[in-house]
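Undergrad: The structure under discussion is supplied below as C-alpha cells; questions concerning it will follow.
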Amino acid sequence: MRQLTMGGTPITVTGADLKIGQQAPDFKLLGLNFNEVKLSDFKGKILVISCVPSIDTPVCDLQTRRFNQEAALLPEELCILTVSKDLPFAQARWCGAHGINKVMMASDFRDFGFAKDYGVLLEEMGLLARAVFVIDKQGIIRAIEFVPEVGQEPDYEKVLIAIKQLI
C-alpha cells in the first residue's frame, strides 16, 4: 500500500506494487469509441501510460496537453496512452475541445482492473493516482513515477529521459 497526498491530506493507493524490469500487466480498457484497448495493441512499440484522476481537472489537463506536445516531437514507435476513470464520452469531448491528436485516451470506468493491476487506485475516491509508466517494445516496465502529491505534475524530464533511452 502506497501513501500519497491530495491537497496535503494523506490518501491511500492500493493495488499491485509494480517494479522496474518486470513484465507490464495486461489490461482491458475502453477507448473513445468504447473499443477495447489492450496492452497487446502496443506490441513492438514503446508505450507511455499517463494515469490521471480526471481529465476535467487543471493538472490532468496540463499533463495530458504536455504529453500530447511531446508525442508530436517523438518517433512513431512511441505511443502515449492517458488513462482515467472518466467516461469515454467525457474523454472524447475533452480531446475535441483541446485538439488532442497525438495522445490516445482510455477509460478504466467499468471496473478497477487496470487501477489494481498497476497499483494506482486511490482507495478513498475510486479514481486513479497520478502516475507514469514507461514500457519498452517487449512489454517490460522501464520507468515508473508516482507523483507524491496528486495535485502536482509529473517530472516530465525524467519520463523523457527514460523514453529516449529506449529509442
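Undergrad: In the structure shown, do any of LYS19/LYS116; LYS85/LYS164; LYS38/LYS116; LYS28/LYS164 have a Cα-Cα gap over 24 Å, and if so which?
TA: LYS85/LYS164; LYS28/LYS164
Undergrad: Kindly provide the helix-only [θ] at 222 nm of the chain, computed as the sum of -39,500 (n - 2.57) over DSSP H runs of four or more divided by all residues, to the nearest 500 deg cm²/dmol?
TA: It lands at -7500 deg cm²/dmol.
Undergrad: Which values, in whole Å and largest first, are the semi-axes of the equivalent ellipsoid of the chain obtained as the square root of 5 times each eigenvalue of the Cα gyration tensor?
TA: With the √(5λ) rule applied to the chain, the semi-axes are 21, 19, 16 Å.
Undergrad: Leaving out same-chain residues fewer than 8 places away, which aspartates and glutamates sit with a Cα under 16 Å from that of LYS158?
TA: Cα-Cα hits under 16 Å: GLU70, ASP136, GLU145.
Undergrad: Given the options ASP108, ASP56, ASP86, state which has the largest fluctuation in a GNM of the chain using a 10 Å cut-off (strictly under) for Cα springs.
TA: Among ASP108, ASP56, ASP86, the largest mean-square fluctuation in the Gaussian network model of the chain belongs to ASP56.
Undergrad: Continuing with this model, one more query. Please state the Cα pair-distance histogram of region 89-134 with 10 angstrom bins from zero: what percent is in each bin?
TA: Here the calculated profile for region 89-134 is 23, 44, 31, 1.
Undergrad: Using the Karplus curve 6.51 cos²θ - 1.76 cosθ + 1.60 with θ = phi - 60°, work out ³J(HN,Hα) for each residue of region 10-17 in order, rounded to whole Hz, and write x for Gly and Pro.
TA: Running phi through 6.51 cos²θ - 1.76 cosθ + 1.60 with θ = phi - 60° gives x, 9, 8, 10, 10, x, 4, 10 Hz.
Undergrad: Another question about this same structure. Could you please rank VAL150, VAL59, VAL120, placing first whichever residue has the fewest other Cβ atoms within 10 Å of its Cβ?
TA: VAL59, VAL150, VAL120
Undergrad: With +1 on each Lys and Arg Cβ and -1 on each Asp and Glu Cβ, and nothing else charged, work out how big the dipole of the chain is about its Cα centre, in Debye to the nearest 20.
TA: Roughly 300 debye, rounded to the nearest 20.
Just so you know, all these numbers are worked out from the coordinates, no wet-lab data involved. Note that this is a predicted model, so its numbers are computed, not measured. Note that each Cβ is placed from the backbone with ideal geometry, even for glycine, and that neighbours are counted across all protein chains shown.
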